[in-house]
Amino acid sequence: MSASEPVRECLLPYARQWIDEEDIEAVARVLRSDWITTGPAVEEFEEALAAFVGARHAVAVSTGTAALHAATYAAGVGPGDEVIVSCMSFVATANAVVFQGGTPVFADVDAGTLLIDPESVEDRISNRTKAVLAVDYAGQPCDYDTLRSICDRNDLTLIADACHSLGAERDGRPVGTLADISLFSFHPVKHITAGEGGMCVTDDAGHAERMRLFRNHGITVDHHERRAGRTWRYDVVDLGYNYRLTDFQCALATSQLRKLPGWLARRREIALRYGEAFCELEAVEPLRPDPSVEHAYHLYVIELDLERLDVGRGDIFAGLRDEGIGVNVHYVPIHLHSFYRRRFGTGPGLCPVAEAAYERILSLPIFPRMTDDDVEDVITAALKVIGDHLR
Ligand SMILES: *Cc1c(COP(=O)(O)O)cnc(C)c1O
């Protein structure tokens, strides 16, 4: 694209974990102990995360995807049921409905925020709708007040895929308390990591109990009780899975959680700097956060104004990659993937706002360990590549 030197020699990724010696020590302590799975570190992490988000119950599971699956199970989703899902998400969000034999019904998003559009949700309700599965895209909580009233009027469970929004708030209320069930991922690109891991939080003891059952083969009595009760008996009351999270992963996640407040502050600082820098660039429009929101900035997403550019998004993407900037695209709307087209007959035209946005979006690197120089490199590269293609 450009004959000049690239801004960076090696690629700056869009996201990256931050593991320090304290984390390593926490994992090593568990590895040296008697328990390496389903021991005390699991409950410790559950309690710490529940306290952090202000929820009554937390159930740790093996991945964010398993958390989605446990949530659709707890909501009672089964064959013949429909779940209204935001189309602007990672595919696991909709897959979790399919795992339970349900049908995902894709809702469109708001053009300014790319969050699920409550009007589109209302349009898609049928007498088979069981739940609404909203996604806090990029780290901004959805309009849960409106979603709540829709769900209450129609007797639906409200589930928040909060994999992007750990630590975010809306109107001063933390993510984790805004839906019936909220769930998080601890994949390395997320706010804190367990290697792989997930968590469901809820204030409802019944939901919590069903999710605990579900993560352990549908077995009613856990092994602690069995040991204490000196009995071999247990009953499998429903179909469950092995979705357990190990003790050493939980030790890592608990150690990471201590650093989360500082990391959130750093993400917000980076976002602020990007916002300032891109004010000057007319062809770039960052997503517009709602003023009532405390954003968690899992992603920093910009929209390109393609009218003002002489190339498409693909060339800008490639140009930034050539400059050593690990831009990404989140996401291909789920209903456009071949599996969904084939199985559910979805396709273009179903969610026009999301489809139009998809042509223009780019995610820029954002993670707490980025230095100020890294941030300036992203800005320099964006001004260079996008600036070169202004009409
Ligand atoms: C990361 C992510 C998931 C899946 O989480 P895993 O831990 O990778 O299984 C689901 N939904 C969204 C929105 C995500 O970002």
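The values are calculated or read from the model by the stated rules, or taken from the named source; none is laboratory data. Please read all numbers here as calculations on a predicted model, not as lab measurements. Cβ sites come from the backbone with ideal geometry, for glycine too, and all protein chains shown count toward neighbours.
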Item to check | Sole exception among (1) touching a residue at least 60 places away in the same chain (Cβ under 8 Å); (2) outside any loop (DSSP other than H, G, I, E, B); (3) within 21 Å of residue 189 (Cβ to Cβ) for residue 330, by number | outcome: (2)
Checklist entry - If we scan the range 155-164, do we find a residue that is over 20 Å from residue 56 (Cβ atoms), crowded, with 20+ Cβ neighbours inside 10 Å and more than 12 Å from the ligand (Cβ to nearest atom)? => result yes
Checklist entry - Which residue, of 101, 139, 112, is of a type outside the set (A, V, I, L, M), within 18 Å of residue 77 (Cα to Cα) and out of contact with any strand residue (DSSP E or B) (no Cβ under 6 Å at 6 or more places or on another chain)? => result 101
Checklist entry - Just a yes or no: is a residue in the range 344-366 among the β-branched types (Val, Ile, Thr), surrounded by 20 or more Cβ atoms within 10 Å (Cβ to Cβ) and in contact with an Asp or Glu (Cβ under 6 Å, 6 or more places away or on another chain)? => result yes
Checklist outcome for this item: Of the residues in the range 260-280, those that are more than 11 Å from residue 298 (Cα to Cα) and small (Gly, Ala, Ser) come to 262, 265, 275, 277
Checklist outcome for this item: Of the listed residues (314, 387), the one being of a type outside the set (Phe, Trp, Tyr) and at pLDDT 95 or above is 314
Checklist outcome for this item: Residue pairs within 8 Å by beta carbon, gap of at least six or interchain, first lying in the range 82-99 and surrounded by fewer than 24 Cβ atoms within 10 Å (Cβ to Cβ), second in a helix (DSSP H, G or I) and among the hydroxyl-bearing types (Ser, Thr, Tyr), listed first then second, are 92/65; 95/65; 99/72
Item to check | Candidates 265, 277, 318, 296 - the one that is within 16 Å of the ligand (Cβ to nearest atom) and either among the hydrophobic types (A, V, I, L, M, F, W, C) or part of a helix (DSSP H, G or I) (or both) | outcome: 296
Item to check | Near pairs, Cβ below 6 angstrom, 6+ apart or cross-chain, from the range 119-141 (more than 25 Å from residue 361 (Cβ to Cβ)) to any residue that is more than 16 Å from the ligand (Cβ to nearest atom) and part of a helix (DSSP H, G or I) | outcome: 122/150; 125/154
Checklist entry - What number of residues within the range 89-137 satisfy the criterion of being in contact with a Pro (Cβ under 6 Å, 6 or more places away or on another chain) and either near the ligand (Cβ under 10 Å from one of its atoms) or of a type in the set (Asp, Glu) (or both)? => result 1
Checklist entry - Pick from 63, 37: which is within 12 Å of the ligand (Cβ to nearest atom) and closer than 22 Å to residue 190 by Cβ? => result 63
Next on the checklist: For the structure I just gave you, tell me whether residue 106 is within 18 Å of the chain's Cα centre (by Cα) and in a strand (DSSP E or B).
Outcome noted: yes
